[in-house]
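Engineer: Here it is: the structure, laid out below.
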Amino acid sequence: MRVRSYATDAWHTSSDEGRPVHDATSGELVATVSSTGLDFARMLAHARRVGGPTLRGMTFHQRAAMLKGVAKALSDRKQELYEASFTTGATKTDAWVDVDGGFGALFVYASKGRRELPDDLLLLDGDLERLSKSGAFAGHHVQVSRQGVAVHINAFNFPVWGMTEKLACTWLAGMPAVVKPASATSHVTAKAVEIMLDAGVLPPGALQLVCGGVGDLFDHLRDQDVVTFTGSAVTGRKLKAHPGLAEHGVRFNMEADSLNFSMLGPDVQPGSATFDAFVREVSNEMRIKTGQRCTAIRRTLVPRTRLDEVADALKAVFEATPVGRPGAQGVKMGPLVGLDQRAEVQRAVDALAAENTVLYGSYGQLVDADPERGAFFPFTLLRADDPLNHRTVHEVEAFGPVNTLLPYDDLDTAWELIRMGRGSLVGSVMTDDDAVARQAVLQTAAYHGRLMFLNADSQADSTGHGSPMPHLVHGGPGRAGGGEEMGGMRGLSLYMQRTAVQGSPTTLTSVARTWLPGAARHEAPKHPFRMTFDEIAVGDTLTTHRRTVTEADVTNFAGISGDFFYAHMDDVAARESIFERRVAHGYFVLSAAAGLFVDPGVGPVLANYGLENLRFVQPVYPGDTIRAKLTCKRRIAKAPRPDERPQGVVEWHVDVENQDEALVATYTILTLVARDA
Ligand code: NAP
């Protein structure tokens with residue numbers, strides 16, 4: 001079988017055989033991979049001319065719905081991806097991490113996009129910045145989609161998740177993508193692409209696939225394009241040095257190999273839940289994907305006095321873990337991806353063994369597999385005898401089930417050893433002492449993209465050391481490449497341009513479709529609570545009648561709420577306080593404002609479900625007269641549900657003023673409002 005590429009909305013089969021891909025277990029030929037015949041300039045132009053404009057014309061909510069459609073298709077046909085994954089040496093659990101993790105990331109971004117982003121084409125970033133005394137000139141940051149193409153060059157170890165974690169952010173941000181998977185597992189990625197295209201929700205030009213070499217693709221990259229690279233630092237550095245990237249200012253994000261650490265805290269006793277969690281975590285990281293995870297633990301820091309106990313506990317797990325053909329009865333660990341990779345890991349282990357002591361290196365009896373034909377590699381545990389002076393353990397990544405124990409005598413030494421990795425994707429500390437956790441963050445967070453702490457309380461619910469979560473940043477400084485991916489909505493920034501926009505607040509309101517403080521307001525044609533979602537416009541305002549606050553109000557409110565705080569109830573104490581006399585409760589002011597702006601009759605407002613950004617700006621005293629201004633700040637239509645009346649969220653900006661028109665309170669309320677029938 002020739003692995004096909006997908007270019008300019010058509011499948012492409014290369015004219016030559018290309019590079020062979022063998023089954024990791026049996027050594028049989030699975031596929032050949034070549035990109036010969038692809039016109040890379042045309043592919044990039046197609047993405048820019050066809051895919052980009054369509055995606056940029058879709059709102060964040062429409063793009064989120066698209067992600068959900070793609071995720072659902074992958075989920076419905078995951079069995080096909082599991083089957084393809086077995087040929088790469090992945091067990092069912094390994095395939096689950098890649099495949100289910102892959103569509104899981106898309107589902108998370110679909111849901112976050114729907115809940116956290118506007119139903120609009122641009123994103124407001126931060127708050128309005130006042131740039132003049134009168135307030136007539138201001139600035140706001142916005143983010144818009146970059147008008148180029150995102151090229152994703154991925155590593156072999158996650159043929160599905162490695163693609164989708166990037167596509168989720170790329171598409172939600174409104175950019176088209178060209179994906180180039182590693183050749184060794186490109187047949188799995190091609191299957192996933194086929195499933196995503198079959199879903200019928202991707203617009204033309206949104207996705208293209210290059211299986212095989214990238215030819216002259218880099219020569220055609222331009223200023224609005226983005227390249228992301230995941231793989232070894234050697235390849236990453238080579239690609240980053242391509243003169244075209246610097247010449248055209250192409251964005252480049254790099255995720256490279258790293259020597260992630262895990263550390264057993266000095267407080268943890270053998271036999272405790274935290275000790276067991278540590279052994280489980282370290283052994284899992286060696287077993288899952290046969291240690292071929294960029295986040296896997298390579299350096300394991302252990303108090304010197306616990307070294308033998310940890311080594312013995314790990315050896316017991318290795319002995320009890322059957323290795324063999326993925327899918328065979330009981331097999332928990334499969335082979336590496338191929339014989340080339342096995343040779344590479346062996347070279348790395350030889351380098352490590354020159355300075356460190358090998359404590360364990362066996363897989364016992366292989367289950368249903370031939371050790372010569374399959375790319376099997378034994379669990380390999382080493383001990384660093386002088387980790388402060390021997391550098392190999394901090395420099396050589398053996399991308400397999402390989403780990404080195406590093407003894408430490410005190411915390412300062414531990415932090416130093418951790419930093420000797422010169423930047424990693426992730427580190428973890430198992431400790432029941434939260435003071436150690438804070439020290440670890442202060443001493444080592446600058447060297448990590450993510451830190452995880454496990455103790456007796458959290459270990460059962462933990463998502464694991466090696467699992468990047470779509471909600472959290474994935475990437476790391478220094479040797480790990482200096483890149484950053486995912487992290488919830490932060491992940492979109494790579495594919496968007498942040499621009500400062502200056503003008504009058506009214507102009508900025510029109511640009512942002514969000515009412516901003518200082519912008520023009522217009523009296524609503526009728527009471528806002530009598531208007532449907534579709535009738536309300538951004539800027540619609542209700543200015544209420546007035547109400548004079550009395551001492552009886554304050555006393556009654558204290559009685560109802562049970563809040564007898566001295567500033568409201570004790571004349572003497574209030575006189576000596578910063579208020580200098582008794583003041584009304586802030587919450588009374590809120591309640592009174594609601595009484596001023598609420599229209600009580602049955603109408604389109606279904607519920608008031610929240611209040612945000614509340615500030616009490618000035619005290620309100622008995623005798624003051626207040627009124628409220630309610631202005632529509634933003635409208636967000638909700639996706640229709642069969643069992644629900646069509647509705648939307650309307651955010652109202654509320655200003656409460658006193659008799660001198662001075663602001664006393666300001667906040668945003670969130671209402672659910674019915675749509676036109
Ligand atoms: P690799 O050999 O560096 O390859 C990575 C990607 O670059 C592959 O798609 C490869 O394609 C491509 N490539 C290689 N040479 C290229 C060139 N001259 N021009 C354009 N593309 C080129 O890495 P790998 O062996 O696939 O992955 C293992 C490494 O990746 C490990 O070191 C691991 O730590 C790291 N990794 C890091 C992360 C992370 O998030 N930080 C994640 C996963 C893996 P071909 O296969 O076709 O050559």
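Engineer: If I filter segment 137-187 down to residues being away from the ligand (no atom under 12 Å from the Cβ) and among the polar types (S, T, N, Q), which single residue comes out as surrounded by the most Cβ atoms within 10 Å (Cβ to Cβ)?
Structural biologist: Of everything passing the filter in segment 137-187, T164 is surrounded by the most Cβ atoms within 10 Å (Cβ to Cβ).
Engineer: Tell me the residue from T185, T189, T170, T164 that is in contact with a strand residue (DSSP E or B) (Cβ under 6 Å, 6 or more places away or on another chain), modelled with pLDDT of 95 or more and not in a loop (DSSP other than H, G, I, E, B), please.
Structural biologist: Step by step, each of T185, T189, T170, T164 is checked, and only T170 is in contact with a strand residue (DSSP E or B) (Cβ under 6 Å, 6 or more places away or on another chain), modelled with pLDDT of 95 or more and not in a loop (DSSP other than H, G, I, E, B).
Engineer: Confirm whether L417 is under 25 Å from Q269 (Cβ atoms), out of contact with any Phe, Trp or Tyr (no Cβ under 9 Å at 6 or more places or on another chain) and away from the ligand (no atom under 16 Å from the Cβ). Outline the logic, then answer.
Structural biologist: On the way: under 25 Å from Q269 (Cβ atoms): yes; out of contact with any Phe, Trp or Tyr (no Cβ under 9 Å at 6 or more places or on another chain): no; away from the ligand (no atom under 16 Å from the Cβ): yes.
Taking the combined requirement at face value, the residue does not satisfy it.
Engineer: Filter segment 204-225 down to the residues that are under 24 Å from the mean Cα position of the chain (by Cα) and under 18 Å from W11 (Cβ atoms) and list them by number.
Structural biologist: Restricting attention to segment 204-225, the residues satisfying the condition of being under 24 Å from the mean Cα position of the chain (by Cα) are 206-209, 224-225.
Selection gives A206, L207, Q208, L209.
Engineer: Based on what the data block shows, is V193 of a type in the set (V, I, T), in contact with an Asp or Glu (Cβ under 7 Å, 6 or more places away or on another chain) and either without any contact (Cβ under 8 Å) to a residue 24 or more places away in the chain or closer than 20 Å to S85 by Cα (or both)?
Structural biologist: Working: of a type in the set (V, I, T): yes; in contact with an Asp or Glu (Cβ under 7 Å, 6 or more places away or on another chain): no; either without any contact (Cβ under 8 Å) to a residue 24 or more places away in the chain or closer than 20 Å to S85 by Cα (or both): yes.
Here the answer is no, as V193 does not meet what is asked.
Engineer: Which of the residues spanning segment 226-272 are within 20 Å of A437 (Cα to Cα), of a type outside the set (S, T, N, Q) and surrounded by fewer than 16 Cβ atoms within 10 Å (Cβ to Cβ)?
Structural biologist: D267, P270
Engineer: Could you check F588 against (1) under 14 Å from P622 (Cα atoms); (2) in a loop (DSSP other than H, G, I, E, B) and say which number it fails?
Structural biologist: All conditions pass for F588, except number (2).
Engineer: Looking only at segment 54-62, decide whether some residue is surrounded by fewer than 20 Cβ atoms within 10 Å (Cβ to Cβ), aromatic (F, W, Y), within 27 Å of the chain's Cα centre (by Cα) and away from the ligand (no atom under 16 Å from the Cβ).
Structural biologist: Checked against the condition, which is being surrounded by fewer than 20 Cβ atoms within 10 Å (Cβ to Cβ), aromatic (F, W, Y), within 27 Å of the chain's Cα centre (by Cα) and away from the ligand (no atom under 16 Å from the Cβ), segment 54-62 yields no hits at all.
Engineer: May I pose another question? Six or more apart or on different chains, Cβ under 6 Å: which pairs go from a residue in segment 536-565 that's closer than 30 Å to G648 by Cα and touching a residue at least 40 places away in the same chain (Cβ under 8 Å) to one that's in a strand (DSSP E or B) and small (G, A, S)? Could you list them?
Structural biologist: T544/A628
Engineer: A further question on this structure: Output yes when any residue across segment 512-522 is under 30 Å from V108 (Cβ atoms) and charged (D, E, K, R), and no when none is.
Structural biologist: Looking through segment 512-522, at least one residue is under 30 Å from V108 (Cβ atoms) and charged (D, E, K, R).
Engineer: Give just the number: which of (1) in a helix (DSSP H, G or I); (2) more than 32 Å from the chain's Cα centre (by Cα); (3) over 24 Å from Q439 (Cβ atoms) does Q329 not satisfy?
Structural biologist: Of everything listed in (1) in a helix (DSSP H, G or I); (2) more than 32 Å from the chain's Cα centre (by Cα); (3) over 24 Å from Q439 (Cβ atoms), Q329 misses just condition (1).
Engineer: I'd like the residue in segment 188-203 that is closer than 16 Å to R2 by Cα and away from the ligand (no atom under 12 Å from the Cβ) and, out of all such residues, is surrounded by the most Cβ atoms within 10 Å (Cβ to Cβ).
Structural biologist: So the residue we want is V188.
Engineer: Of everything in segment 115-130, what is part of a helix (DSSP H, G or I) and without any contact (Cβ under 8 Å) to a residue 12 or more places away in the chain? Give them in sequence order.
Structural biologist: Taking segment 115-130 as the starting set, the residues that turn out to be part of a helix (DSSP H, G or I) are 115-116.
Result: R115, single match.
Engineer: Further question: Mind checking which residues of segment 204-222 are buried (at least 19 other Cβ atoms within 10 Å of the Cβ) and more than 16 Å from the ligand (Cβ to nearest atom)?
Structural biologist: Within segment 204-222, G205, A206, L207 meet the criteria.
Engineer: Further question on the same structure: Looking only at segment 311-320, decide whether some residue is touching a Phe, Trp or Tyr at 6+ places or on another chain (Cβ under 6 Å), assigned to a helix (DSSP H, G or I) and surrounded by fewer than 17 Cβ atoms within 10 Å (Cβ to Cβ). So that I can check it myself, show each step before the final result.
Structural biologist: Just the residues of segment 311-320 that are touching a Phe, Trp or Tyr at 6+ places or on another chain (Cβ under 6 Å), to begin with: 315, 318.
Among the residues that remain, those that are also assigned to a helix (DSSP H, G or I) are: 315, 318.
If we keep only those that are surrounded by fewer than 17 Cβ atoms within 10 Å (Cβ to Cβ) as well, we get 315.
Within segment 311-320, one or more residues are touching a Phe, Trp or Tyr at 6+ places or on another chain (Cβ under 6 Å), assigned to a helix (DSSP H, G or I) and surrounded by fewer than 17 Cβ atoms within 10 Å (Cβ to Cβ).
Engineer: Among the residues of segment 451-468, which ones are touching a Ser or Thr at 6+ places or on another chain (Cβ under 9 Å) and free of Cβ contacts under 8 Å to residues at least 40 places away in the same chain?
Structural biologist: L451, M452, F453
Engineer: Follow-up question, since we're still on this one. Just to confirm my filter: which helices (runs of 4 or more DSSP H) fall fully inside segment 1-114 and include at least 3 residues that are of a type in the set (G, A, S) and within 30 Å of P335 (Cα to Cα)?
Structural biologist: Answer list for segment 1-114: 60-76.
Engineer: So R479 ticks every box in (1) in a helix (DSSP H, G or I); (2) within 22 Å of the chain's Cα centre (by Cα); (3) away from the ligand (no atom under 16 Å from the Cβ) but one. Which box is left unticked?
Structural biologist: (3)
Engineer: Scan segment 639-659 residue by residue and report those that are basic (K, R) and exposed (fewer than 12 other Cβ atoms within 10 Å of the Cβ).
Structural biologist: Within segment 639-659, just R641 meets the criteria.
The values are calculated or read from the model by the stated rules, or taken from the named source; none is laboratory data. The shown structure was predicted, so the numbers you read here are calculated from the model rather than taken from an experiment. Ideal geometry is used to build each Cβ from the backbone, glycine not excepted, and the neighbour counts take in all protein chains shown.
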